[in-house]
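The values are calculated or read from the model by the stated rules, or taken from the named source; none is laboratory data. Quick caveat: nothing in here was measured; it's all calculated off a predicted structure. Here Cβ is always computed from backbone atoms with ideal geometry, including for glycine, and neighbour counts include all displayed protein chains. Side chains are part of the model used for accessible areas, which takes the heavy atoms of the whole protein and leaves out ligands, DNA and RNA. Shrake-Rupley method; radii C 1.70, N 1.55, O 1.52, S 1.80 Å.
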Amino acid sequence: MSGALQGKVCLITGATSGIGRAIAEAFAAAGATLVLSGRDETRAQALLTALRAQGHEAHFIAGDQADPATAGRLAEATLALHGRIDVLVNNAGMLTNGTALETTDAQWSRLLEVNLSAPFRLCRAVLPAMIAARRGSIVNVASDWALMGARGALVYCVSKAALAQMSRCMALDHATEGVRVNAVCPGDTDTPMLDQAFDNGDSDAKMQTLASGIPMGRVARPQEVAQAVVFLASDAASFMTGVLLPVDGGTSAQ
């Protein structure tokens, strides 16, 4: 979608690897001015070098989404750099496996902090500037597990379902103020997070097992999810708000 985000200032969290990096690269190709955030400054610098070598404008602001102060700091820094925020992508997230009996209070609290509270705070931090400008697009990266149940990942599923519902409620709250809020719901995607979920087992065999349960017969590529985010963020989706868009090879249709 070349030019779909031309001139738009876009803040992306969790931007240094996996789906987040693919989103950053796709947004750059679509003409966006990027403000990227994440925890790994080494990976961030490598990404910035690659983007800038291609002529794209990008900045990096380190931030831990588990820190409640991060949201305000990212919004303030983006406004200081560019004077506006046109697009926010809440992509940062984490996965914890386990049933209710296997999930500790600490795991429950940290995962909800990163996957739900941090996006809430960042939406709250950018909304005043978007509303004042009467334009803005927020895309939250949820999961197809926000749309259906799954075994062995209780708190992750709860966090993503809540993020999806938050997206719909915010969409309604701000529909007349020029701000659209949508969520993309990826299925299994070939990323480091998916590799970590295999607990150092035979990742190739497990990837094949995952693929066998997907109607299209394979897991997603990060770039495929990223293109859906570009679309929702862009003016091509100007009459779409409150949408939960599955990018899951048909899994949630089963």
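Considering region 67-98, and only residues there that are touching a Gly at 6+ places or on another chain (Cβ under 6 Å) and among the polar types (S, T, N, Q), the residue that is modelled with the lowest pLDDT turns out to be Asn97. Looking at region 173-182, is at least one residue at pLDDT 95 or above, of a type outside the set (A, V, I, L, M, F, W, C), more than 30 Å from Gly83 (Cβ to Cβ) and in a helix (DSSP H, G or I)? The answer is no, given that none of the residues of region 173-182 is at pLDDT 95 or above, of a type outside the set (A, V, I, L, M, F, W, C), more than 30 Å from Gly83 (Cβ to Cβ) and in a helix (DSSP H, G or I).
Of all the numbered requirements in (1) open to solvent by 10 Å² or more (accessible area, probe 1.4 Å); (2) part of a loop (DSSP other than H, G, I, E, B), Gln107 misses one, and that requirement is (2). Exactly one residue out of Gly55, Gly93 is over 25 Å from Leu245 (Cβ atoms), part of a loop (DSSP other than H, G, I, E, B) and of a type outside the set (S, T, N, Q), and it is Gly55. Criterion applied to Ala142, Ala118 was being among the small types (Gly, Ala, Ser), in contact with a Cys (Cβ under 7 Å, 6 or more places away or on another chain) and in contact (Cβ under 8 Å) with a residue 60 or more places away in the chain, and the one residue passing it is Ala142. Of the residues making up region 26-44, those that are touching a strand residue (DSSP E or B) at 6+ places or on another chain (Cβ under 6 Å) and either within 17 Å of Ala80 (Cα to Cα) or not in a helix (DSSP H, G or I) (or both) are Ala32, Thr33, Leu34, Val35, Leu36, Ser37.
Checked against (1) out of contact with any His (no Cβ under 9 Å at 6 or more places or on another chain); (2) surrounded by 17 or more Cβ atoms within 10 Å (Cβ to Cβ), Leu127 meets all criteria but (1).
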